[in-house]
Amino acid sequence: MPTSRRIAVGSDTRHPIPDAIAGWLEEGGFAVIRCGAVDAADTPWPEAAEQVARLVAQGVAEAGVVCCWTGTGVSIAANKVPGIRAALCKDAETAGGARRWNGANVLAIALSDATADAAQAIVESFLGTTGIDPEEAANVQRVAAMERRYSGTGNEERLRES
């Protein structure tokens, strides 16, 4: 994998998997920005996910990895940050597809069933896949347009009108 890329890694709880992910990335030459419990103490999952997602949305990090017990909570929370497309992936093939076909920029991993080897393969596939499939680019833009339509104040009225 290329070096000097910045990746944000966060978790709600101290766990060997996110710590290992940060370590592998650093060993691979990535600049890792540690968030939540990967940096300090246990952090509520919405906050850990927001820290990572905000860094990606601001362009400080190229991509992010978020972890919690099911992976669902951090995925939902990260997706609330405009510009984030977080994908919960349990295998390497899905992780690569999330980047290629959906333009995912944040990877969510469930700590409940991830092994160190599986997590490494998932992260490597996610970060090793670059660019959106040209046939899917229009769909990724449709999602971005939806996000713009429903962001900001007055969303409740827009949702009722839909």
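General remarks:
- Quarter the surface of the alpha carbon convex hull of the chain and you get the mean projected area, 9.5 square nanometres.
- When the Gaussian network model of the chain links Cα atoms closer than 10 Å, the mean-square fluctuations of Glu26, Glu93, Glu135 top out at Glu135.
- Residues Thr94 and Ala137, FRET efficiency given R0 of 22 Å [Cβ-Cβ distance, rounded to 0.05]: 0.65
- Between Trp101 and Tyr150, residue separation times 0.36 nm minus the direct Cα-Cα distance comes to 15.4 nm.
- Summary of the geometry: the stretch 100-121 and the stretch 20-56, compared by the centres of their Cα atoms, lie 14 Å apart.
- Angle between the chain longest axis and helix 45-57 axis [Cα atoms, degrees, rounded to 10]: 80 degrees
- For the stretch 6-131, the relative contact order is 25 percent, taking Cα pairs closer than 8 Å that sit 6 or more residues apart in sequence and dividing their mean separation by the residue count.
- The string of couplings for the stretch 102-111 from the Karplus curve (6.51, -1.76, 1.60, θ = phi - 60°) is 10, x, 4, 10, 9, 9, 9, 10, 7, 6 Hz, one whole number per residue in order, with x for Gly and Pro.
- Check: the chain dipole with +1 on Lys, Arg Cβ and -1 on Asp, Glu Cβ, in debye: 500 debye
- For the stretch 36-116, the direction-averaged projected area of the alpha-carbon convex hull comes to 5.1 nm².
- Among Gly96, Gly73, Gly152: highest mean-square fluctuation, GNM of the chain, C-alpha pairs under 10 Å: Gly152
Read the figures in this text as sums done on the coordinates, not as results from a lab. All of these numbers come straight from a predicted model, not from anything done at the bench. Virtual Cβ from ideal backbone geometry, glycine too; neighbours counted across all protein chains shown.
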